[in-house]
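Scroll down for the structure; my scribbles are underneath it.
Just so it is clear, none of the values below were taken in a lab; they were calculated from the coordinates. Just so it is clear, the structure is predicted and the values come from calculations on it, not from any experiment. Because the Cβ atoms are built from the backbone with ideal geometry, glycine has one as well, and the counts that use them run over all protein chains shown.
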Amino acid sequence: MITFDQFKDLLVNKYNINPNNITPDARVSDLGLDSLVFIEVLFDAEDLIGKKIPESAIKPEQVELTVEELCTLINSI
């Protein structure tokens, strides 16, 4: 399971995103992450939760999800 705070820490510490911009309702794309970096973030999330996110669950359009929606999606896998 990944929490909002864990995901926020990942984005701040590894991707140098301003923590003030990371809110539950912020869209991932609005944080400056393109679809390629988004995939990297998901790989990092796998490390945090300790399980693999199936490739079939990863779609480029998910970059339009909010941070909260993305955490919910990851936790449902």
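Before moving on, here are some points about what is shown:
- For the chain, applying the loop criterion from DSSP together with a ceiling of 13 other beta carbons within 10 Å to the trypsin sites (Lys or Arg not before Pro) yields Lys51, Lys52.
- Taking a Cβ cut-off of under 10 Å around Tyr15, the surrounding Lys, Arg, Asp and Glu residues balance to a net charge of -1, with basic ones at +1 and acidic ones at -1.
- A simple count of charges around Asp34, restricted to other residues whose Cβ falls under 13 Å of its Cβ and scoring Lys, Arg +1 and Asp, Glu -1, yields -3.
- If you model the chain as an ellipsoid using its alpha carbon gyration tensor, with each semi-axis the square root of five times an eigenvalue, the axes come out at 17, 14, 12 Å, biggest first.
- Difference of contour (0.36 nm per residue) and Cα-Cα distance, Phe43 to Ser29: 3.3 nm
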